Amino acid sequence: MKPLELCPFCGGADLKFTDLKFDHQQTRLTHVVCTMCQSLGPGVEMTGDQELDETAAIVMWNRRAGTPTDPAPPPELVPKDLDKN
Ligand SMILES: [Zn+2]
């Protein structure tokens with residue numbers, strides 16, 4: 001499994017996975033959450049009985065956090081409709 005980057009907001013390393021389920025939908029969202037500042041990473045959508053996709057959640061979290069060798073893009077370069085499907 002890929003290592004998680006530190007929290008981009010507080011630098012915390014105490015990160016865990018949370019699986020949010022919506023009763024009115026057939027989908028669940030897996031997030032990485034920082035237990036220090038409660039920051040929630042981007043959600044990875046799953047349907048039905050699909051297994052918790054921690055790897056995808058890690059990729060999303062790390063992309064958001066950015067790293068010295070792979071920094072997050074500046075806000076003006078991120079498409080504004082990125083979160084809409
Ligand atoms: Zn944090």
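The values are calculated or read from the model by the stated rules, or taken from the named source; none is laboratory data. All values reported here derive from a predicted model rather than from experimental measurement. Positions of Cβ are generated from backbone atoms using ideal geometry, with glycine treated the same way; all protein chains shown enter the neighbour counts.
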ask   = Only one of (1) polar (S, T, N, Q); (2) part of a loop (DSSP other than H, G, I, E, B); (3) at pLDDT 80 or above is not met by Q25, so which one is it?
value = (3)
ask   = Where residues in the range 30-46 are of a type in the set (S, T, N, Q) and within 10 Å of the ligand (Cβ to nearest atom), which of them is surrounded by the fewest Cβ atoms within 10 Å (Cβ to Cβ)?
value = Q38
